[in-house]
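What follows is one structure encoded as C-alpha cells, with my remarks underneath.
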C-alpha cells in the first residue's frame, strides 16, 4: 500500500452529485473510446478560460496522464541522452555551473526530515554555483490551508516559514533563485506575497517574476556569479483567476502564454530579454510558467513560442507547471550561432503524490564558460530524480533521490 495518494484524482472532492455523475460517465466514455489518450485540441489551461469539458479533461488526465504528443509537434531535436557537450572545457577564463530544478510545493512530509530531503542530490542542487527552482507555496502567517482538489475552486497552496526552510534548503544552504511568477502566487493574498518575499530576502534568495511596481515589469532580474552576468526574463500564464490584491504594491509578470483563444503573448518576455541584453548580461535565461498539466509533451504552439524566444535572444529556456517532466529540446537558432536548451517542463521536484511520472522530475545542469569576453554554454546534463515516501515512526517522510537510468 502506498504511503502517498497515487494521483491527484484520488484526493478529488466533488460535492455536487450531478457533476459527480457526469464526471463518472465522461471518464468511462473517454476510457472506452480513447479520445483523451492524445492531447485535447483547444483545451484551456488557464482557470478563467476553462469550461465544463476542460475541467473534465483535467480530471481525466490527473489520473490517466497523457503520454502521446500532439499532432505536428517536432520531436526531432529532443535530447536522447542525459549529457551533451557543445564545446571543449576551457582551461582558462570564468566558469559557472547552473542547476535548474522543478516545482516545489508544500508537503506535510517534509519537516520531519529537514536536511535529509535533498541529501542524495546535494551535489546536483546545492553544490552548483547557482541553483534555481520554481516555488509554488506562498509563505504565510495565516492558518495553513490543506490542498483540496475539487469543485470548490482551485487548490490553495501555502506554507509556514518552517515549511519553506525545509523545502528550499539543505544544511544551511538555500536555493539561490526562486521563480514566484506562477499560478499560486496570490493564493494567500497580499499577506502571502509580502511574507514570501520577506522569507526570500531574509535568506538572500533572488525572486523572479515579481517587482515592486508595474514600471519594472519589462526589466530583467540580474545575477552576477564567477564574473558572469546573467539576466532573467520570467512570466506566468495566469494566477488561477486571482487578481492582484488591491493592498499589495507588488506586480507579478502575467501574460497570455497558453490561452485557448490566442497565440502566446511574448511581448513582456521579449521586453525583459531586450533589457538584459542592454544591461550587458553575458547570458539570458527565460523562465516560463505555462503549459498543460499531466501531459508528457509540450504543445506545438509552445514549441514555436519557445523557439521564437530563443531566436530573439534567450540562451536558456526553462519551464514549469505541468507537474511532469517533458522533453528537453536542443534548438539551433536561425542565425546558426547558438544552441539553446529548451526544458519544456522540469516536473515537480517535491509534491505529495506517488505516481512514477508525477514523482519524477529533471535537474538540468548547464555549464557556462567565459573566455576572452565571450560567453557560451559548454555542456548540459539532465539528471532524472524522484521523491520517495518512507515511514518514520508515526510520520511519513519524503526524500528526493536520483533515478537509475
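Any read-out appearing in this document is the output of simple, stated calculations on the displayed coordinates, not a laboratory observation. Computed from a predicted model, the values in this text were never measured in an experiment. No Cβ is skipped: glycine too gets one built from the backbone with ideal geometry, and neighbour counts run over all protein chains shown.
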(request) Please work out whether the range 112-219 counts as rounded, prolate or oblate from its C-alpha gyration tensor, where a ≥ b ≥ c are the square roots of the eigenvalues and a/c under 1.5 means rounded, while otherwise a/b larger than b/c means prolate and anything else oblate? (result) oblate
(request) Provide, in order from the shortest bin, the percent of all Cα-Cα pairs of the range 1-82 in each 10 Å bin, continuing until the bin that contains the maximum pair distance. (result) 14, 40, 31, 12, 2
(message) Using Cα-Cα distances under 8 Å and only pairs 6 or more residues apart, what relative contact order does the range 1-130 have, in percent?
(response) 23
(message) Only Cα pairs within less than 10 Å get springs; with that Gaussian network setup on the chain, which residue of 22, 273, 132 has the largest fluctuation?
(response) 22
(request) Arrange the following residues from fewest to most other Cβ atoms within 10 Å of their Cβ: 130, 350. (result) 130, 350
(request) Arrange the following residues from fewest to most other Cβ atoms within 10 Å of their Cβ: 6, 228, 316. (result) 6, 228, 316
(message) Shape verdict for the range 207-299, please, from the Cα gyration tensor: rounded (a/c under 1.5), prolate (a/b greater than b/c) or oblate.
(response) oblate
(message) Give me P(r) over the range 251-304, computed from all C-alpha to C-alpha distances, binned every 5 Å, as integer percentages.
(response) 4, 16, 24, 22, 17, 11, 5, 1
(request) Counting other beta carbons within 10 Å of each Cβ, put 321, 292, 261 in order, fewest first. (result) 261, 292, 321
(request) Considering Cα pairs under 8 angstrom that are at least six residues apart, work out the relative contact order of the chain and quote it in whole percent. (result) 21
(request) Return the percentage of antiparallel bridges among DSSP beta bridges fully within the chain, rounded to the nearest 5 %. (result) 60
(request) Scan (i) -0.37, -1.41; (ii) -0.30, -1.55; (iii) -0.49, -1.29 for the value of log10 I(q)/I(0) by the Debye sum over Cα atoms at q = 0.07, 0.15 Å⁻¹ calculated from this model and give just the label. (result) (ii)
(message) Can you show me the helix-derived [θ] at 222 nm for the chain, built from DSSP H runs with n ≥ 4 at -39,500 (n - 2.57) apiece and divided by the number of residues, rounded to the nearest 500.
(response) -6000 deg cm²/dmol
(request) Springs between alpha-carbon atoms under 10 Å, Gaussian network over the chain: tell me which of 223, 324, 29 tops the mean-square fluctuations. (result) 29
